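Remarks on the structure that follows.
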Amino acid sequence: MIRQLALILVWALVSAAALVTGIALLLPRVEAAFDRPPPPIPEPRTAFFDLLRDARPVSLVVTEAWQKVPIVVETDDLLRDPTLWNRLHFDDWDRVPEPLRRAALERMIARYQPQLAGPDVWEAMTAEDWDFVPQPLRAMAFIRISEYWAEYYGIGVGSGLGPRDTAATFATILMVESWFEHRAVHVDENGNRDLGLPQASDYMRVRLEHLHRARWLDFRLEERDYFNPWLAILAGAVWFDLMIKEARGDLDLAARAYRKGIFAANHGAAEEYLHNVKQKRDLYILNRAAPPTWSFLSRRLRGRARVRRAAGRPLYASRVPPRGLRKRIGSGDSRGLQSRPGPG
C-alpha cells in the first residue's frame with residue numbers, strides 16, 4: 001500500500017514538472033504572438049453596383065439661403081440625389097452642361113411625378129409637402145394650379161376677356177410677386193405684410209374676409225393658409241378677378257391694380273409693374289426664348305395645357321368643386337365673387 005502511494009506521488013510530481021516546463025517553453029512564443037501587429041485587412045472587393053456608379057466630378061453652383069455656393073459632386077449624385085436637387089434653382093441648372101442636365105431633369109420629374117399629378121393631389125398637399133419639391137418643379141406646378149383656378153372661376157370671362165391671356169397674366173403676377181416662393185413674406189416700411197405666392201397684403205386679406213362675411217365669397221382663409229399654394233393661389237385668382245371687374249375688363253389696368261390698387265393704377269410705379277409683368281409673361285409663361293431649364297420643363301410639363309388650349313378645350317375636364325373648398329355659398333353655378341352687383 002505504501003509502495004503504491006509512493007508511485008502515485010512520484011507520477012504527480014513528474015507531471016507537474018512537465019507542465020511547468022511546457023508552460024515555460026510556450027510562454028515566449030505566446031507573448032511574441034501578441035506583440036506582433038495584426039495582419040493587414042484586405043481591401044474589400046468592389047460591389048457590383050459600385051461598378052455602375054458614375055463617379056466623374058461635376059462642378060455645380062447651388063443656392064443656400066439665397067447665396068450661390070460652388071460645389072463639386074459626382075455625376076451619379078446629380079442624377080439620383082433629391083437632397084441635391086432641392087438646392088438647385090433654375091439658374092443653377094442652367095449651368096449644368098447638356099446632355100447631363102436633361103438626363104438629371106428627367107430623373108427628377110420621374111421622382112416627383114406623384115406631386116405633379118393634378119388637382120386631386122394638390123388640394124391634399126400642405127406647405128410642408130411643397131418644401132420638399134425642388135424649386136423648378138414647384139414653379140411649374142404653381143403655374144398649373146393658377147391655370148386651374150383661373151378656369152374654375154372663369155376669371156375675366158364675365159368681362160369679355162380671353163381665358164388664355166387672363167390665365168397667363170395671372171400666372172405672371174404670381175411670378176413677379178413672389179418668384180413662385182410659397183413661403184415668401186415681405187414687410188414694407190409701414191409694417192404691411194405681404195404673404196405667400198400672391199403676396200396677399202393686409203388690405204387684400206381683410207377685404208377677402210369681409211367679402212366672405214357678407215356672403216359674397218365662397219371660401220375663407222386663415223393667415224397660415226396663404227402659405228399653402230393651393231389655397232393662396234385660389235385667393236390670388238379671386239382677387240385678380242375682382243381687379244378685372246373694377247377695371248371694367250381692362251386687363252392691363254387690372255394687372256397694375258393688383259399691386260397698387262385701382263386708384264393708384266395709373267401712376268408711374270404701376271406702369272413699371274405692368275411692363276415687368278408683360279416682359280416675364282412673354283419670356284417665361286408663354287415660353288418665348290426662356291432660359292434652357294425653364295424652356296425644357298415648360299414644354300415637358302405644360303405641353304398638354306398648350307394643346308388643349310389651342311383646341312379650345314378646358315385644361316381640366318372636371319368642374320366639380322374641389323374637396324378642399326369649403327361649402328359653397330349661394331346656388332347655381334356661381335363661383336368666387338357672386339354674380340350680382342358689387343358690394344360698393
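The values are calculated or read from the model by the stated rules, or taken from the named source; none is laboratory data. If you're wondering where the values come from, they're calculated on a predicted model, not measured in any experiment. FYI the Cβ positions are ideal-geometry reconstructions off the backbone, even for glycines, and counts take in every protein chain you see.
The listed residues are Ala290, Ala264, Ala237, and the only one of them that is hydrophobic (A, V, I, L, M, F, W, C) and modelled with pLDDT under 95 turns out to be Ala264. Might you check whether a residue that is outside the structural domain of Trp85 (by TED's automatic domain parsing), assigned to a helix (DSSP H, G or I) and buried (at least 18 other Cβ atoms within 10 Å of the Cβ) occurs anywhere in the range 181-191? There is no residue in the range 181-191 that is outside the structural domain of Trp85 (by TED's automatic domain parsing), assigned to a helix (DSSP H, G or I) and buried (at least 18 other Cβ atoms within 10 Å of the Cβ).
Restricting the range 211-223 to residues that are loosely packed, with under 12 Cβ neighbours inside 10 Å and without any contact (Cβ under 8 Å) to a residue 24 or more places away in the chain leaves a set whose member that is nearest to Leu195 (Cα to Cα) is Glu222. Look at Leu161 and say whether it is in the same structural domain as Leu283 (by TED's automatic domain parsing), more than 23 Å from His275 (Cβ to Cβ) and either touching a helix residue (DSSP H, G or I) at 6+ places or on another chain (Cβ under 8 Å) or assigned to a loop (DSSP other than H, G, I, E, B) (or both). No, not satisfied. When we screen Ile244, Ile262 for residues that are over 23 Å from Gly118 (Cβ atoms) and touching a residue at least 24 places away in the same chain (Cβ under 8 Å), the only hit is Ile244.
Scanning the range 225-240 for any residue that is farther than 16 Å from Ala150 by Cβ, touching a residue at least 24 places away in the same chain (Cβ under 8 Å), outside any loop (DSSP other than H, G, I, E, B) and assigned by TED's automatic domain parsing to the domain that holds His275 turns up at least one such residue. Taking the criterion of being outside any helix (DSSP H, G or I) and among the polar types (S, T, N, Q), the residues of the range 264-307 that qualify are Asn266, Asn287. Exactly one residue out of Ala117, Ala65, Ala141 is within 27 Å of Asp241 (Cβ to Cβ) and modelled with pLDDT under 95, and it is Ala117. If only residues of the range 120-131 that are surrounded by fewer than 16 Cβ atoms within 10 Å (Cβ to Cβ) and not hydrophobic (A, V, I, L, M, F, W, C) are counted, the one that is modelled with the lowest pLDDT is Asp120. In the range 61-139, counting only helices (runs of 4 or more DSSP H) that sit wholly within it, the ones holding 2 or more residues that are closer than 24 Å to Arg299 by Cβ span 75-80, 82-85, 90-94, 100-111, 119-122.
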